[in-house]
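J.: Sharing a structure here in structure tokens format.
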Amino acid sequence: MPTDFSSTRARFDLPEGVIYLDGNSLGPLPKATAARVQATITEEWGKLLIGGWNRAGWEAKPMGVGNRIARLIGAEPDSVVMGDTLSIKIFQLLASALEMNPDRRIILSDSGNFPSDLYMAQGLSAMLGQGYSLRTVAPEDVLDAIDDSVAVTMITEVDYRTGRKHDMAAITARAHEKGALTIWDLAHSAGALPVDLAGAGADFAAGCTYKYLNSGPGGPAFAYVAPRHQDRVRPALCGWLGHDAPFDFDPDYRPAAGVARLRVGTPPVLQLAALEASLDIWETVDMNDLRARSLELTDAFIAGVEVACPDLELATPRAHAMRGSQVSFRHPDGYPIMQALIARGVVGDFRAPDILRFGFTPLYIGLEEVDRAIAILAEVMQTRAWDREEYRVRSRVT
Ligand SMILES: *Cc1c(COP(=O)(O)O)cnc(C)c1O
């Protein structure tokens, strides 16, 4: 059955008058979330107390919820585990990958990657010493930069600023041909487009759930390890809940079987409940339908803005195969322009130095919102309504 996007939209609570084009940064609130979290608090925590770990299944949630995410990213059963934040999962996967490729010293990434991923690679390299280092190249040069010095590629599939999408299958194939492992960051892919980790032969992946997956601020990350590697991965962060038998309280660490060894400490039960409420909506979504609708929305936005706002320079690739689910434009006054838009109910965001970023999420955005957003942006640009002191004042979070 084709996905019914009018019924997915009816399952979100969006403020009246807002066109929300920032679900790529923080997904909006599903209507079912508050009651689900409330029930977890009152019925489980409140009544079961510590018994919730067994009787409400809290202990099993990191793997159980991981299996629900797996369908969205083309991962094999029992190969995804929830917990911590994306930055931490990247650190763990990098440490494991480097150890599995011990004769090599280079982590390869691209200059468009999110700073936290790059910082994690820099910090881990400094901690390990022994000549480890991060090499970054331009996004279009990644494929050719994979040589036999590269231990692991650490690539974010969709660039957070430009929305440029890498070819996961091609990069993974080249990496394997050259003896390198691959880590895919799916922050702007999971819930944004179809992902086929198993089909691409990816080694490792991680992503967050508070963007397209709508788990709310601080929602847990996920980590993927290909089944062929799961029992070879030695966790760098040896937490008690990644132990084979946490309640033996053995003073010596022994990793759990499978991807569960990437668990560290106590899982965020309330945030997982919020995520589960959102995943109920995702159960009704076919990722190919989502992709078709997302491309329709981004195509329409690009075409409309280019006609109405000649001063904005498209930063997102036109080719569908190279585009995620966002559209970005460059303008030297991008910050005040975005503030003027937000004041008029069109919520996108700004990424330094000059990017106006708009996320398109078919679950609750349709062509009607795209047309209204274009009209409001055109009005702001044509009247220079953005050119006011109040719009230049920078907030801490942009
Ligand atoms: C959003 C994002 C992050 C954020 O990491 P957290 O640890 O969840 O704060 C990291 N990497 C990429 C590529 C992102 O887009």
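The values are calculated or read from the model by the stated rules, or taken from the named source; none is laboratory data. Fair warning: this is a prediction, and the values are worked out from it, not measured in the lab. Cβ placement follows ideal geometry from the backbone for every residue including glycine, while neighbour counts extend to all protein chains displayed. Note: accessible area is taken over every heavy atom of the protein model, side chains too, but ligands, DNA and RNA are not part of it. Shrake-Rupley method; radii C 1.70, N 1.55, O 1.52, S 1.80 Å.
J.: Within segment 101-138, work out how many residues are under 20 Å from the mean Cα position of the chain (by Cα), part of a helix (DSSP H, G or I) and not hydroxyl-bearing (Ser, Thr, Tyr).
T.: Final tally of qualifying residues: 5.
J.: Follow-up question, since we're still on this one. Which is of a type in the set (A, V, I, L, M), in contact with a strand residue (DSSP E or B) (Cβ under 8 Å, 6 or more places away or on another chain) and at negative phi, of ALA56, ALA35, ALA75, ALA60?
T.: On the way: ALA56 fails: in contact with a strand residue (DSSP E or B) (Cβ under 8 Å, 6 or more places away or on another chain); ALA35 fails: in contact with a strand residue (DSSP E or B) (Cβ under 8 Å, 6 or more places away or on another chain); ALA60 fails: in contact with a strand residue (DSSP E or B) (Cβ under 8 Å, 6 or more places away or on another chain).
Among ALA56, ALA35, ALA75, ALA60, only ALA75 is of a type in the set (A, V, I, L, M), in contact with a strand residue (DSSP E or B) (Cβ under 8 Å, 6 or more places away or on another chain) and at negative phi.
J.: Another question, if that's okay. Cβ contacts < 9 Å: first residue free of Cβ contacts under 8 Å to residues at least 24 places away in the same chain and assigned by TED's automatic domain parsing to the domain that holds LEU341, restricted to segment 1-23; second residue loosely packed, with under 15 Cβ neighbours inside 10 Å and of a type in the set (Lys, Arg), any location; separation 6+ or different chain. Result?
T.: Matching pairs, first to second residue: ALA10/LYS31; ASP13/LYS31.
J.: Turning to a different aspect of this structure: Those residues that are closer than 29 Å to THR40 by Cβ, assigned to a loop (DSSP other than H, G, I, E, B) and either without any contact (Cβ under 8 Å) to a residue 40 or more places away in the chain or touching a Cys at 6+ places or on another chain (Cβ under 9 Å) (or both), I need them from segment 241-264; list them, please.
T.: ASP244, ALA245, PHE249, ALA256, ALA257, VAL264
J.: ALA180 - would you say it is within 13 Å of the ligand (Cβ to nearest atom) and crowded, with 24+ Cβ neighbours inside 10 Å? Write out each step before concluding.
T.: Details: within 13 Å of the ligand (Cβ to nearest atom): no; crowded, with 24+ Cβ neighbours inside 10 Å: yes.
No: the conditions fail for ALA180.
J.: Within segment 102-119, identify whether any single residue is under 17 Å from GLY258 (Cα atoms) and more than 16 Å from the ligand (Cβ to nearest atom), and answer yes or no.
T.: Within segment 102-119, none of the residues are under 17 Å from GLY258 (Cα atoms) and more than 16 Å from the ligand (Cβ to nearest atom).
J.: So, restricting to helices (runs of 4 or more DSSP H) that lie completely within segment 290-398, which ones have at least 1 residues that are open to solvent by 70 Å² or more (accessible area, probe 1.4 Å) and of a type in the set (Lys, Arg)?
T.: It comes to 367-382, 389-392.
J.: With the requirement that a residue be touching a residue at least 60 places away in the same chain (Cβ under 8 Å), away from the ligand (no atom under 12 Å from the Cβ) and in a loop (DSSP other than H, G, I, E, B), what does segment 77-95 give you?
T.: Matches in segment 77-95: ASP78, SER79.
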